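Trainee: Would you mind keeping the following structure in view while I ask a few things?
FYI, it's all coordinate maths here, none of it is from the lab. Given the structure is predicted, the values throughout are model-derived calculations rather than measurements. Neighbour counts run over all protein chains shown; Cβ positions are idealised from the backbone, glycine included.
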Amino acid sequence: GKEEARLLNPAIVKAVNDQDKTIIPEELTIPVMKISKRVEDVSLQSSVEKGISRLDLRFTLKKPIQEATLAILLEPDKESLDKKDPIVTLILNEEKSQPALEQQKGRWAWYMVKVPPGKHSLQMHIFPAQEEEEWKGLASVWLICSEKLPGNKLTLIMKQDIRPQQPMPPRPWPEGEIRRNIKLGEVKVKCKKLSLSQSDGIKCRGVRPFVSSLSLVYAKVAITQENF
C-alpha cells in the first residue's frame, strides 16, 4: 500500500482544517516523513593485548542532531555472572573521559558520554577487578539522540462534542521531538589478570616498582592514556 497515514474513523469528523484550507476527512492523507541516516562511517573493533581488552570505535554524527549520548553496555557471560565488575577507562577524541555510570553490580553496566555532531573516536580499556582472575562478556554500543522534526498542525472539527474519558499521559519529551536509539555494534570482551612474565617490557617511568601483577596492568593502562 501507499506510505501514508489516514484517519481511522473519518465518519465522526466533520472537516479537517489545514492552515487556510479545508479537507474532507475521507480524503485526508499524511505522507510518511523519511529520515536520512544520522550516523555514518561506523567502525567498531575489539582486540586483546597482554590481558587488557580494548575497544576502538569511530563514527560520524550528522546534523540536525544537536547532541547525543554514546552509551556502552557491558554484560557478563555465564562464567562471569556476579563477579566483581571490570575496571573501565575511556578516551574520547584523544582526551580522558569520565563517563556517567548506571549499573546492577555483577549483572550489567552502562557507561555514557555526551557527543556533539561531527567525527568521533573512542578507546575503551577493560580489565578485571582486583579480586578476579578474568572477566568475559559482551559490549554493546549505542547512540541515544533526540531530534526535533518539522510538523504540520491540523485541526479536526468533530460532528459531535467529544469529552475525554480519561486524562492523557504527559509528554515524555518536548512537542515535535523524537528519540532514536541507534545500535552501532557489539563485540565480545575477554580480559584477564597479567602474570609477571606477561608484564615484562612494561615501562613505568616515574613510578616506583609495583608488587602485584594487577598493579602492572593499572600502570600500563594509565601510561597508555598519557601517550594519547
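Trainee: In vacuum, with every alpha carbon of the stretch 85-196 counted as one equal point scatterer, what does the Debye formula give for log10 I(q)/I(0) at q = 0.17, 0.18, 0.22 Å⁻¹? Two decimals, please.
Mentor: For the stretch 85-196, the Cα-only Debye profile gives -1.00, -1.09, -1.40.
Trainee: For each pair in Lys96/Lys119; Lys34/Lys114; Lys96/Lys136, compute the distance between the two Cα atoms and list the pairs where it is over 19 Å.
Mentor: Working: Lys96/Lys119 17 Å; Lys34/Lys114 26 Å; Lys96/Lys136 24 Å.
Table pairs above 19 Å Cα-Cα are Lys34/Lys114; Lys96/Lys136.
Trainee: What are the residues whose amide H is under 5 Å from the amide H of Lys193, where those residues sit 5 or more places off or on another chain and H is modelled from the backbone?
Mentor: For Lys193, the qualifying residues are Glu134.
Trainee: Can you sort Met33, Met124, Met112 from fewest to most other Cβ atoms within 10 Å of each residue's own Cβ?
Mentor: Numbers: Met33 10, Met124 23, Met112 15.
Going from sparsest to densest Cβ surroundings: Met33, Met112, Met124.
Trainee: Okay, next question. Percentage of Cα-Cα pair distances in the stretch 1-152 greater than 26 Å, rounded to whole percent? Display every interim value, and only then the final one.
Mentor: Details: 5457 of 11476 pairs.
The calculated P(r) of the stretch 1-152 puts 48 percent of pairs beyond 26 Å.
Trainee: Also: Over its Cα atoms, what ratio of radius of gyration to 2.2 N^0.38 Å does the stretch 135-196 give?
Mentor: Numbers: Rg = 23.5 Å, N = 62, 2.2 N^0.38 = 10.6 Å.
Normalised Cα radius of gyration, the stretch 135-196: 2.22.
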